[in-house]
Amino acid sequence: MRQIGLTLLLLTLSNVFMTFAWYAHLKEMNHKPWILAALFSWGIALFEYLLQVPANRIGYTVMSVAQLKILQEAITLLVFVPFAVFYLKEPLKLDYLWAALCILGAVFFIFRSKLGL
């Protein structure tokens, strides 16, 4: 259980860095040359990888690669929606709910063997 909690924590923190690396330059550096935005993003992504690699190594001791990937996708949505709404000032759409329901379905199906179903 400790491995799962640590994996969730590290993947969530990794995802925060990933989201900023991939999308913050759209708001903060849209007036700069793309190469500067890419270098800036690459610098942030280093911290993502410093968290993501150990997260996957720890998680792989108790989960399959498919389970880790689907878990990552669910965390991505949980991190991205607040980022898009509060940081990028995108409107909150009902489509996020539908996407979340689809991801929850994927989580269910990939983890159902562990649930005994």
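The values are calculated or read from the model by the stated rules, or taken from the named source; none is laboratory data. Predicted model, so just to flag it, every value in this text is computed and none were measured. Neighbour counts run over all protein chains shown; Cβ positions are idealised from the backbone, glycine included.
Take the conditions exposed (fewer than 14 other Cβ atoms within 10 Å of the Cβ), under 18 Å from the mean Cα position of the chain (by Cα) and more than 23 Å from L9 (Cβ to Cβ) and apply them to L94. Does it pass?
So L94 fails the test.
Considering only residues that are of a type in the set (F, W, Y) and either surrounded by 16 or more Cβ atoms within 10 Å (Cβ to Cβ) or not in a helix (DSSP H, G or I) (or both), which ones fall in the range 103-117?
F111
Filter the range 50-95 for residues that are assigned to a helix (DSSP H, G or I) and of a type in the set (S, T, Y); which is farthest from F111 (Cα to Cα)?
Here the answer is Y87.
Looking only at the range 83-99, which residues are under 17 Å from A21 (Cβ atoms) and small (G, A, S)?
Passing the criteria: only A84.
Give the residue, chosen from A100, A84, that is surrounded by 17 or more Cβ atoms within 10 Å (Cβ to Cβ) and more than 20 Å from M1 (Cβ to Cβ).
A84
Where residues in the range 7-45 are among the aliphatic types (A, V, I, L, M) and more than 15 Å from the chain's Cα centre (by Cα), which of them is surrounded by the fewest Cβ atoms within 10 Å (Cβ to Cβ)? Lay out the reasoning, then the answer.
Step one: list which residues in the range 7-45 are among the aliphatic types (A, V, I, L, M), which gives 8-11, 13, 16, 18, 21, 24, 26, 29, 35-39, 44-45.
From what's left, more than 15 Å from the chain's Cα centre (by Cα): 26, 29, 35-39.
On the way: L26: 10, M29: 16, I35: 8, L36: 11, A37: 17, A38: 14, L39: 13.
Per the criteria, the residue is I35.
Any residue in the range 13-37 that is of a type in the set (K, R) sitting within a Cβ distance under 6 Å of a residue that is modelled with pLDDT of 95 or more? List the pairs, counting only those 6 or more apart or interchain.
K27/L88
Could you identify the single residue in S41, S14 that is more than 26 Å from K114 (Cβ to Cβ) and in contact with a helix residue (DSSP H, G or I) (Cβ under 6 Å, 6 or more places away or on another chain)? Working first, answer last.
Working: S14 fails: more than 26 Å from K114 (Cβ to Cβ).
The match here is S41.
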